[in-house]
Amino acid sequence: MKQSKLFGKTIYEVPKDEVSKNAQLLIRGGFVDKLMAGVYYYLPLGKRVLSKIENIVREEMNAIGGQEILMSALQKKEDWQTTGRWDIDVMMKVQTNLDKEFGLGWTHEEAVTPLAKKYVRSYKDFPFSLYQIQTKFRNEKRAKSGILRGREFVMKDLYSFHTSEESLDEFYLQAKDAYSKVFKRVGLGDKTYFTYASGGDFSKYSHEFQTLTDAGEDNIHICDKCGIAINEEVVEELDGKCPECGSSDLHVEKAVEVGNIFKLKNRFTDPFNFKFLDSDGKEKTVMMGCYGIGPSRLMGTVVEILSDEKGVVWPKEIAPYQIHLVSLGNSDEVKNKAEEIYNDLQQQKVEVLFDDRGESAGVKLKDSDLIGIPLRVVVSAKTLGQDGVEIKKRSEEGFEIIKLGDLQHYLKNFI
Ligand code: ATP
Ligand code: MG
């Protein structure tokens, strides 16, 4: 992609109405645009990052047998009345001119349970799991955390269906592992804790994945001995002791919930009378679990944690492009050489953003830091004088000159 054609521009002054670091950096870098509190547009650079995160989530859900579907944002009032959740504050409602009221999905148990019931006949159809990556709507009272807390945001929600609690328990562990892989791949592995949280009326505990950051709104108590965590809301219930190893040496940290896994059991299958015919000919209740991750919140969390005063430092797996090729100076020699490198990389299907603009070196390098692509390749009269290009990793301070003849090899190794 040539930067001269890229839609979206970097902005140097911090948007006045934006207090959160993730939104400030993302707006300045030309990744997102703010429509109103808690509602953002994703511009080309931001959409690439979001899609990469979604694809990582998709791959890990597919790997545990999840089948991707897409349900509607518009929800039937009657289905939410069936479970008693129509009047929950978080639900946005729309009134149509047909005198009908709909809800906007903020989660999809009330949609997926009747759907699953419609297509399932006997025990032979189980277990199975369905997921979607879709826009959710929530009446969030505090929407000051940028894309960490949207009123409209992207969620991956997976729902699993089972003939027994044992089968649910088994899948729950697979989902837990898949989640750990997702957080590792997006670059948050070191800072993300498996956390015990309240389970509601139907399970003792649920589990959250909490990532350490001052931008988070949760307090978690981390066990110094085994490294798991407890959400503040359940610490008392556990007598201040780690549920895994019993230690009372816990320390408190601020964190944001990036994922959540929950054994719903019969909480939703009972109201919808979702039963199956077992091998013994008896009708039994379907057991259910739900598993959520917010790709847009993950993107915001990465920005909160993996950034410096100059801008974002994207991990390779989710960077908008792998290489930022920057030409400095307007001589034909520089322009032609940069163009040649760009064409080579394009041909090899390497994801490259090419800053071909006629801006000053200062502007181009500042923009490059702000956008935060993992590897920068600078072509200038100075580097060509040494028959090379200057290479700099966004995550490191130093740079090196690589000979033109060695460039392909170097980049191949990097990617
Ligand atoms: P929180 O306590 O932070 O409001 P939640 O408990 O309401 O989160 P869930 O209902 O479990 O969250 O949603 C599943 C996942 O969706 C969360 O783990 C998070 O990653 C994401 N998520 C939830 N609310 C938002 C939001 N308002 N904006 C962006 N992502 C969200
Ligand atoms: Mg919430």
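The values are calculated or read from the model by the stated rules, or taken from the named source; none is laboratory data. The structure presented is a predicted model; accordingly, all values stated were derived computationally and were not measured. Counting neighbours? That spans all protein chains shown, and the Cβs are built from the backbone with ideal geometry, glycine included. Only protein heavy atoms, including side chains, enter the accessible area calculation; ligands, DNA and RNA are left aside. Shrake-Rupley method; radii C 1.70, N 1.55, O 1.52, S 1.80 Å.
The lysines within cross-link reach of residue 117, meaning a Cα-to-Cα straight distance under 19 Å and a gap of 8 or more places when in the same chain, are 76, 77, 263, 265, 275, 282, 284.
For 201, 239, the ranking by accessible surface with the largest value first comes to 201, 239, using a 1.4 Å probe. The range 177-255 and the range 7-83 have their alpha-carbon centroids 25 Å apart.
Between 145, 247, 279, find the one with the highest GNM mean-square fluctuation for the chain; connect C-alpha pairs within less than 10 Å. Checking each option, the largest mean-square fluctuation is seen for 279. Average 1/r across all pairs of distinct alpha carbons in the range 34-165, invert it, and you get the Kirkwood radius: 16.6 Å. Comparing mean-square fluctuations of 225, 16, 382 from a GNM of the chain with C-alpha springs under 10 Å, the top value falls on 16.
Can you compute the FRET efficiency between residue 77 and residue 393 using 1/(1 + (r/R0)^6), with r the Cβ-Cβ distance and R0 = 45 Å? Round to the nearest 0.05. So the FRET efficiency works out to roughly 0.25. Over the range 363-415, with a single point scatterer placed on each C-alpha, what log10 of the ratio I(q)/I(0) does the Debye formula yield at q = 0.24, 0.26, 0.30 1/Å? At q = 0.24, 0.26, 0.30 Å⁻¹ the computed log10 ratios are -0.98, -1.09, -1.23. On full extension, the segment bounded by residue 348 and residue 119 gains 77.9 nm, given 0.36 nm per residue less the C-alpha separation. Considering the range 278-323 at the alpha-carbon level, its Rg and Dmax are found to be 21.3, 66 Å. Average projection, convex hull of the Cα set of the range 109-202: 8.2 square nanometres.
Given Cβ point charges of +1 (Lys, Arg) and -1 (Asp, Glu) and nothing else, what value in debye, to the nearest 20, does the dipole of the range 323-414 about its Cα centre take? Write out the running numbers ahead of the final one.
Working: 13 positive and 17 negative charges, 34 e Å.
It comes to approximately 160 debye.
Using 0.36 nm per residue and subtracting the Cα-Cα separation, the extra length available between residue 7 and residue 166 on full extension is 52.1 nm.
Can you compute the charge dipole magnitude of the range 3-308 about its Cα centre, using +1 on each Lys and Arg Cβ and -1 on each Asp and Glu Cβ, nothing else charged? Give it in debye, rounded to the nearest 20.
Numbers: 43 positive and 47 negative charges, 271 e Å.
With Lys and Arg at +1 and Asp and Glu at -1, about 1300 debye.
Heavy-atom accessible area for residue 4, with the other protein chains in place and a 1.4 Å probe, reaches approximately 60 Å². Between the listed residues 139, 215, 40, the Cα displaced farthest toward the positive end of the dipole of the chain, a dipole computed from Cβ unit charges relative to the Cα centre, is found at 40. Compared with the alpha-carbon gap, the fully stretched path from residue 408 to residue 316 is longer by 31.3 nm at 0.36 nm per residue. Dividing the summed -39500 (n - 2.57) terms of all DSSP H runs of n ≥ 4 by the residue count of the chain sets its mean residue ellipticity at 222 nm at -9000 deg cm²/dmol. Scattering from the range 323-414 was approximated by placing one identical point on each alpha carbon and applying the Debye formula without solvent; log10 I(q)/I(0) at 0.12, 0.16 1/Å stands at -0.31, -0.57.
Note on residue 332 and residue 174: the model spin-label points, each 7 Å out from Cα along the C-beta direction, lie 6.3 nm apart.
Taking only the Cα atoms of the chain, how large is their convex hull per residue, in Å³? All intermediate terms of the calculation are to be shown ahead of the outcome.
On the way: hull volume 72.3 nm³, N = 415.
Looking at the chain, the number lands at 174 Å³ per residue.
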